[in-house]
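Visitor: Input: one structure, supplied below.
What follows draws every value from the coordinates through simple rules; no lab data is involved. These numbers come from a predicted model, not from an experiment. Because the Cβ atoms are built from the backbone with ideal geometry, glycine has one as well, and the counts that use them run over all protein chains shown.
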Amino acid sequence: MIVITQSVQLIQKIEHEWNLFYAYITRMIIDHASIGEYKLRFFPKESIACPCSKYLIEMRRHILFECSRYNKSWNLKRKSLKNILTFLKFNSGAFCF
């Protein structure tokens, strides 16, 4: 019974992590994350600048390719799901609320 309980807990943990990844990926793809572009559309009175101070508007492309706040784990030549998952693994706060 203990082995079954531990297995169920492990499966639930993996499902939870994948659900977060799917949420982050979806937010990244549809550009619906709490970043400058989003705030400009929905909360225009809030700051839209990137905290790294390099861009006036924090944008998805900037986060993925240029922002110094995030790990440089993104492969600029390939835009595959594996690369996206790797980026999000090392930069879990990039596209979350």
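Visitor: Return one quarter of the surface area of the convex hull spanned by the alpha-carbon atoms of the stretch 30-91, equal to its mean projected area, in nm².
Guide: On the way: hull surface 17.2 nm².
Taking the Cα atoms of the stretch 30-91, their convex hull projects to 4.3 nm² on average.
Visitor: Please enumerate, by chain and number, the aspartates and glutamates with C-alpha under 20 Å from the C-alpha of LYS89, excluding those fewer than 8 residues away in the same chain.
Guide: GLU15, GLU17, ASP31, GLU66
Visitor: Less than 14 Å Cβ to Cβ from CYS50, Lys/Arg counted +1 and Asp/Glu -1: what total charge do the surrounding residues give?
Guide: +1
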